[in-house]
Amino acid sequence: MKTNYRIRKVVIASNNYIYTLGIKTILSVIGIKPELFDVESIDELKELLKEQALPLFLILNEDILNNNVEQTISEIKKISPDCPLILLKNSQTSIKANIKCINHNENQSEILKKLTNFFKEKNQKDSKKNQPILSDREKDVLKEVALGLANKEIADKLFISINTVITHRKNITEKLGIKTIAGLTVYAMLNNYIDPEKGNL
Amino acid sequence: MKKKLLFNPKSRLADIIHLDYRLIPVIGRFGIEFGFGNKTIKEVCNNKGINVWFALEIINSYHDSNYFPKKSLQNFPAKLIIEYLSSTHNYYLKVKIPEIQEYIDKMEQNVKPENHKNITLLNGFFNEYKEELRLHLENEDQHVFPYILDIDNAMIRGEIDDELYKKILTDSIENYERSHDDAEVKLNDLKNLIIKFLPPVLCKELCQNLLIEIFRLEADIKNHTNIEDKVLIPKVKLMEKKLLEIRENKL
């Protein structure tokens with residue numbers, strides 16, 4: 001996949017030099033050319049997260065998590081909720097929180113697969129983020145327009161003023177290049193914003 | 001914008017088509033058929049009994065959208081303008097719309113199942129447009145144009161009967177002008193739905209042809225609407241005013 005060669009910022013947090021070096025090697029194997037940050041303690045990591053512009057890909061080894069794995073991870077998530085995170089851990093450590101993990105004893109192909117997916121998933125989110133046609137609020141307004149509501153009704157339903165509704169509608173039409181209500185309805189259905197069955201109710 | 005060369009009565013009809021193939025349907029509307037050799041437009045029109053100056057004005061205004069001879073077109077009899085407009089109505093309803101419909105139908109048959117729903121949506125949208133266009137054109141053919149012809153006849157006779165007088169007072173061309181909504185807006189939406197938002201379809205060629213035909217229809221309707229709004233309606237307004245004057249002078 002072409003996009004895998006994009007440069008991204010990766011943090012490898014581990015006290016263990018062999019792990020750090022190993023991760024770097026694996027990254028080059030799966031075609032990631034990272035801008036790397038090595039950190040050796042959890043405090044160092046937190047500092048870095050506060051300074052760096054997002055997004056950082058975090059690869060954490062269990063050894064820097066101060067024995068209290070779950071709590072430390074939730075602290076990290078609090079600082080930077082958008083950073084994708086993967087944890088390298090001993091297979092005996094069990095984790096309740098829903099995070100990606102690689103066990104130390106996993107074999108080559110499993111590890112490669114997990115790391116590749118780790119970078120790929122974020123990538124898809126990225127590309128979506130880069131071209132949002134409508135904002136969430138505009139989508140809300142569009143749905144109501146498509147269902148045939150008048151401006152006043154939309155304003156009441158979404159707790160905004162009529163002028164705001166009009167502004168949203170103007171922006172929607174400009175962005176989409178679609179002026180008629182029928183056209184907007186088709187657009188909303190193409191994108192599954194509204195269900196044609198429900199729309200008729 | 002570069003000014004386009006305008007055609008004159010001595011232009012060869014074949015050259016005109018070579019220069020601007022979009023004029024093919026326009027020429028067809030005048031009842032001219034191919035096989036005219038090297039004849040000029042004047043010769044062809046004379047043979048067919050067509051008013052060559054009128055045909056030229058239409059051809060030139062279509063050829064160059066910056067050239068729009070409102071004044072000189074207004075000098076032609078309303079009957080001539082209406083005949084032309086009626087023949088374009090026929091062309092839309094009997095030729096162009098079915099053609100576009102056929103492309104959409106074919107696409108509907110040839111898309112992947114996951115895209116079927118989307119083409120069906122487009123089809124529904126186009127059907128709505130079709131119905132609106134049909135109603136609009138029918139209203140013109142059955143009500144607006146006959147009214148204009150009545151006015152034209154009254155002008156020729158130089159007198160106006162009570163019925164027409166009432167009609168001018170209560171339901172003049174201004175009413176029609178106000179309700180003359182833009183038929184192209186929906187077509188433009190359809191274009192954007194296809195260009196910007198339709199997920200890729202298997203039948204690329206069909207989709208491309210569909211789009212091209214929509215563009216052509218749109219351009220044609222635009223020219224048509226121009227003639228109605230900028231030539232026919234002002235002309236009728238003028239005639240209405242004159243007829244009312246005639247009536248008042250008589251009383």
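Just so it is clear, none of the values below were taken in a lab; they were calculated from the coordinates. Remember, predicted model here, so these are calculated numbers, not experimental data. Don't worry about glycine lacking a Cβ; one is built from the backbone with ideal geometry, like all the others, and counts go over all protein chains shown.
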>> Counting only other residues whose beta carbon sits under 11 Å from that of B:Asn38, what net charge do I get with K and R as +1, D and E as -1?
In response: 0
> Angle between the Cα long axis of helix A:108-130 and the longest principal axis of chain A, 0 to 90 degrees, nearest 10?
Replying inline: 30 degrees
>> Once R0 is set to 22 Å, what does the formula 1/(1 + (r/R0)^6) return for the Cβ-Cβ distance between B:Leu135 and B:Glu83, expressed as a FRET efficiency to the nearest 0.05?
In response: 0.55
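Count charges around A:Asn16 for me, please; just the other residues with Cβ under 15 Å from its Cβ, Lys/Arg as +1, Asp/Glu as -1. If you can, show how the numbers build up before the last one.
On the way: positive: A:Lys24, A:Lys89; negative: A:Asp38, A:Glu40, A:Glu44, A:Glu62, A:Asp63.
Net charge around A:Asn16: -3.
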> Nearest 10 degrees, 0 to 90: what angle lies between the long axis of helix B:78-90 and the longest principal axis of chain B (Cα atoms)?
Replying inline: 20 degrees
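Local charge sum around A:Lys89 (other residues, Cβ-Cβ under 15 Å, Lys/Arg +1, Asp/Glu -1)? If you can, show how the numbers build up before the last one.
Details: positive: A:Lys96, A:Lys100, A:Lys114; negative: A:Glu62, A:Asp63, A:Glu70, A:Glu106, A:Glu110.
Local charge sum for A:Lys89: -2.
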> Any idea how far the Cα center of segment B:162-229 sits from the one of segment B:41-99, in Å?
Replying inline: 18 Å
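Averaged over B:113-123, how many beta carbons belonging to a partner chain fall within 10 Å of each residue's beta carbon?
Working: counts 0, 0, 1, 0, 4, 4, 0, 2, 7, 2, 0.
Average neighbour count from other chains, rounded to a whole number: 2.
What are the chymotrypsin sites (Phe, Trp or Tyr not before Pro) within segment B:71-110 that DSSP puts in a loop, where the Cβ has at most 13 other Cβ atoms within 10 Å? Working shown, then result.
Values: sites: B:Tyr84, B:Tyr91, B:Tyr92, B:Tyr103; in loops: none.
Here no loop site has a sparse enough neighbourhood.
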> For segment A:5-69, what Kirkwood radius comes out of the mean inverse Cα-Cα distance, in Å?
Replying inline: 12.2 Å
> Using a ≥ b ≥ c from the Cα gyration tensor of chain B (square roots of the eigenvalues), is it rounded, prolate or oblate, where a/c under 1.5 gives rounded and otherwise the larger of a/b and b/c decides, a/b for prolate?
Replying inline: oblate
> Which whole-number percent gives the relative contact order of chain B, counting Cα pairs below 8 Å spaced six or more residues apart?
Replying inline: 24 percent
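Let a ≥ b ≥ c be the square roots of the eigenvalues of the Cα gyration tensor of segment B:1-96; is it rounded (a/c under 1.5), or, if not, prolate (a/b larger than b/c) or oblate? Write down the numbers at each step before the final one.
Values: a/c = 1.22, a/b = 1.05, b/c = 1.16.
It comes out rounded by the Cα gyration axes.
Do any of A:Lys179/B:Lys117; A:Lys9/A:Lys114; B:Lys42/B:Lys71; B:Lys186/B:Lys241; B:Lys10/B:Lys79; A:Lys50/A:Lys100 go past 29 Å between their Cα atoms, and which?
Values: A:Lys179/B:Lys117 22 Å; A:Lys9/A:Lys114 18 Å; B:Lys42/B:Lys71 21 Å; B:Lys186/B:Lys241 34 Å; B:Lys10/B:Lys79 25 Å; A:Lys50/A:Lys100 22 Å.
Checking Cα-Cα distances, B:Lys186/B:Lys241 exceed 29 Å.
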> Kirkwood Rh, segment A:2-130, all Cα pairs: how many Å?
Replying inline: 14.9 Å
>> Apply the a/c threshold of 1.5 to the C-alpha gyration tensor of the protein assembly as shown and tell me whether it is rounded, prolate or oblate.
In response: prolate
